[in-house]
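Q: Here it is: the structure, laid out below.
All of the numbers you see were taken from the coordinates with simple rules; none came from a lab. Everything numeric here is computed off the predicted structure, so don't read it as measured data. Every residue, glycine among them, receives a Cβ derived from its backbone with ideal geometry; neighbour counts consider all protein chains shown.
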Amino acid sequence: MALNSTLLGVRWDPLRGQILRAAHRKGRARFGARPARRSLLAALFGTAAFLGVVALDTPPGPGLDPDSMSYLGAAESLARHGALRIPMADWSDADSTSPLRHFPPGFPAVLAIPVALGVAPVQAARGVEAVSALATVALAVWLVAAVGGSWAGALAGVALLVSPALVLDHARVLSEPLCLALLAATLALMVCTKRPLLYGLTAAAAGLVRYAAVPAGGAAALWAFGLRGPLRERLRRAALAALPTALLSAAVMMRSMLESGTAAAMTLQPHLGATLRELAATLVAWLAPAVPGGVGAALLAMGVGGAGVVVLSDAARGGASRPERPALRSLLSAAALLAGCYAAFVLASRALVYDSIPFDDRMLSPVVLVAEVAAAAVLGVCWRAWPRWARTAAGVAAALWLGASAWATAGAVADARDGGWGYASDEWRASKLGEWLRADGRGAEIYSNDPAGVWFLTHRPSRELPSADDSASLEALGRILVGRRAVVVVGFAQEYEPTVAPDSVSRRLGLRLAAAFPEGRVWVK
């Protein structure tokens, strides 16, 4: 058997020479799947993921939230004007658009390609996310099948297709799907090639799509350094793996500092305990889906204990001498390195930089991806070496988890598609406030406590209201409005970020209430 087949146009080197030699001596491989079989399996599961996302994101999908406005607006700006700008600005800005600062440029830049070809921005995002799902699932299935066999690859594919955290990432216009595809490519390249520049490039691209994935470049460098060889060669490999991330991250950081004029300050952030409790709840919901929190935590503890017993029993039976184990160890090491670097970076960022980072499913999805790939590979390789009671327990646990995850995912998808999600909901698209802004508010400059809402209702940029209710800010805003010909202040019932109350601003600036709707009110100059 050879493991140097191709997938998605990339040629893969052997996992390890000693594995091939051991398989050759036995006359046939006792691990992995034949190249044609695993490529077909990967293509089938990847196609299922692609079609699933296409169906998931049919109208009223995909879901839209404030982040979606930044991605879509920046993509449209890049395609039409050659600059990454979002359709919102601060109340004091002369321009009603502003540079893309809060998010990296990778996802909007990819979206800008189909947008420049005439595709509507939301449909461009739908296509990019569907292709990303195909790549993520196909690469994961191919890799696990190469290490643990066809049935293990199929298990990995099913697990990824039913995991709520991964499915719901693809139900909204977010950068996560593209980032997950690049992380899956990085993991596969780390395990299956000896070309550090390749997995260094995919790791750097993941960081260019999502800031939280920047540590993938560090993981790639550590992996390259850890491979056997003379020290000089190991340093050369590490430098090649780290170079793309270093260059791209430096460029993005310089761009951000030049546009904002500041760098994020590092100081101990408050309320870390609440965030860690949220992380624990998210982990329990992932590992014990569709189970009440307390019961889920108990089941999780029992599962961890049972897994420990199985691992110890496996080691006692001499399973580590099997020829498949070097490939499995390589995969587990790479997965642990990626997940560990990601988790350390996110925890450090939450503790020292941003207190608003949530530890929810969206933040956990890269860990979910690599952990499920690793677990499926472990089952594929170790299954025969386990005693019958351990195989039975593992099979029952896997079946229950897959069933519960599918149940939880089906419920979440039904909720997301029931009338649409976020700014794509039926209520939002049929908004009377939106009709008023498109008709009576046409041509006016808009100030709001939710610029994303304004953009999705009117496809027009707007400025955010002051965040502080202080006399200096309101007086300055009043002087600005004197020079405006037509002004509309929109106060949504649900605000994008905390601002001074729109009715307070309007009252103090002498604006007139023009209309009131269930979703908000408008004042005019």
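Q: Starting with the fewest neighbours, write out TRP383, TRP523 ranked by other beta-carbon atoms found within 10 Å of each beta-carbon.
A: Values: TRP383 16, TRP523 22.
Final ranking by Cβ density, sparse to dense: TRP383, TRP523.
Q: Hey, any idea what Rg/Rh is for the chain, computing Rh the Kirkwood way over Cα pairs?
A: Values: Rg = 25.6 Å, Rh = 25.1 Å.
In the chain, Rg relative to Rh is 1.02.
Q: Taking the beta-carbon count within 10 Å as an exposure proxy, list TRP389, TRP151, TRP401 from fewest neighbours to most.
A: Numbers: TRP389 11, TRP151 16, TRP401 22.
Arranged by neighbour count, lowest to highest, TRP389, TRP151, TRP401 become TRP389, TRP151, TRP401.
Q: OK, next. MET88's amide H: which non-local residues (gap 5+, or another chain) put their own amide H closer than 5 Å, with H modeled 1.01 Å from N in plane and none for Pro or chain starts?
A: Amide H to amide H, under 5 Å and 5 or more residues apart or across chains, MET88 pairs with SER98, SER462.
Q: Multiply the residue gap between ALA336 and ALA486 by 0.36 nm, knock off their C-alpha separation, and tell me the result in nm, one decimal place. Could the numbers behind the result be given before it?
A: Numbers: separation 150, 0.36 × 150 = 54.00 nm, distance 5.73 nm.
Result for the pair: 48.3 nm of gain on full extension.
Q: Kirkwood hydrodynamic radius for region 48-156: how many Å is it when counted over pairs of different Cα atoms? All intermediate terms of the calculation are to be shown ahead of the outcome.
A: Numbers: mean 1/r = 0.0640 Å⁻¹.
Taking every pair of different Cα atoms in region 48-156, averaging 1/r and inverting gives 15.6 Å.
Q: Then there's this: Please compute the volume of the convex hull spanned by the alpha-carbon atoms of region 113-175 and report it per residue in Å³. Write down the numbers at each step before the final one.
A: Working: hull volume 5.2 nm³, N = 63.
Considering the Cα atoms of region 113-175, their hull volume per residue is 83 Å³.
Q: Can I ask one more? Can you list residues whose amide H is under 5 Å from GLU445's amide H, if they're 5+ apart or on another chain and H is modeled 1.01 Å from N?
A: ALA486, VAL487, VAL488
Q: So what's the net charge close to LEU197: Lys and Arg +1, Asp and Glu -1, counting the other residues with Cβ under 12 Å from its Cβ? Working shown, then result.
A: Values: positive: LYS194, ARG195, ARG236, ARG237; negative: none.
Once positives and negatives cancel, what remains is +4.
Q: Relative contact order for the chain using alpha-carbon pairs under 8 Å, separation at least 6, rounded to a whole percent?
A: 18 percent
Q: May I pose another question? At R0 = 22 Å, how high is the FRET efficiency between ARG236 and VAL353 if r is their beta carbon distance? Nearest 0.05 is fine.
A: Details: r = 33 Å, r/R0 = 1.48.
For ARG236 and VAL353, the calculated efficiency is 0.10.
Q: Could I ask something else about it? Can you give me the long-range amide H partners of ARG195? Hydrogens built in the peptide plane at 1.01 Å from N, cutoff under 5 Å, separation of 5 or more residues or another chain.
A: It is none; the list stays empty.
Q: Could you work out the mean projected area of the convex hull around the alpha carbons of region 145-197, in square nanometres to one decimal? Display every interim value, and only then the final one.
A: Values: hull surface 17.4 nm².
Orientation-averaged projected area of the Cα hull: 4.4 nm².
Q: Using θ = phi - 60° and the Karplus form 6.51 cos²θ - 1.76 cosθ + 1.60, what ³J(HN,Hα) does each residue of region 465-472 get, whole Hz, x for Gly and Pro?
A: Per-residue couplings from phi come out as 5, x, 7, 10, 8, 10, 4, 4 Hz.
Q: Residue-wise, which Karplus ³J(HN,Hα) couplings in Hz belong to region 175-183, taking 6.51 cos²θ - 1.76 cosθ + 1.60, θ = phi - 60°, and x for glycine or proline?
A: 7, 4, x, 5, 5, 4, 4, 5, 5
Q: For region 357-382 and region 141-160, what is the separation of their C-alpha centers, rounded to whole Å?
A: Region 357-382 and region 141-160 have Cα centres spaced 14 Å from each other.
Q: When the Cα centres of region 420-464 and region 162-229 are compared, how far apart do they sit, in Å?
A: Their Cα centres are 36 Å away from one another.
Q: Of ALA397, SER431, TRP386, which is farthest towards the positive pole of the chain's charge dipole, taken about the Cα centre with +1 and -1 on the beta-carbons of Lys, Arg and Asp, Glu respectively?
A: Value: TRP386.
Q: What ranking do HIS271, HIS102, HIS170 get, fewest neighbouring Cβ atoms within 10 angstrom at the top? If you can, show how the numbers build up before the last one.
A: Values: HIS271 9, HIS102 13, HIS170 25.
The most exposed by this proxy come first: HIS271, HIS102, HIS170.
Q: Set the Förster distance to 30 Å, then compute FRET efficiency between GLU278 and ALA414 from the Cβ-Cβ distance, nearest 0.05. Mind dumping the intermediate values first?
A: Values: r = 24 Å, r/R0 = 0.81.
Step by step, r from the Cβ atoms, then E = 0.80.
Q: Determine by what factor the alpha-carbon radius of gyration of region 431-524 differs from 2.2 N^0.38 Å, reporting the quotient.
A: Here the answer is 0.97, to two decimals.
Q: Another question, if that's okay. Pairing the Cα long axis of helix 121-148 with the longest principal axis of the chain, what angle in degrees results, from 0 to 90 and rounded to the nearest 10?
A: Here the helix axis deviates by roughly 20 degrees.
Q: Another question, if that's okay. For region 105-249, build the convex hull from the C-alpha positions and give me its volume per residue in Å³.
A: On the way: hull volume 15.3 nm³, N = 145.
It comes to 105 Å³ per residue, whole-number rounded.
Q: Rounding to the nearest 10 and keeping the result within 0 to 90°, find how far the Cα-based axis of helix 231-260 lies from the longest principal axis of the chain.
A: Approximately 10 degrees, to the nearest ten.
Q: So what's the angle, to the nearest 10 degrees on a 0 to 90 scale, between helix 272-287 and the longest Cα principal axis of the chain?
A: Rounded to the nearest ten degrees, it is 50.
Q: Return the sequence-ordered ³J(HN,Hα) values of region 347-353 in whole Hz as given by the Karplus equation 6.51 cos²θ - 1.76 cosθ + 1.60 applied to θ = phi - 60°, using x for Gly and Pro.
A: Karplus-based 3J(HN,Hα) across region 347-353 equals 4, 5, 5, 5, 6, 10, 10 Hz.
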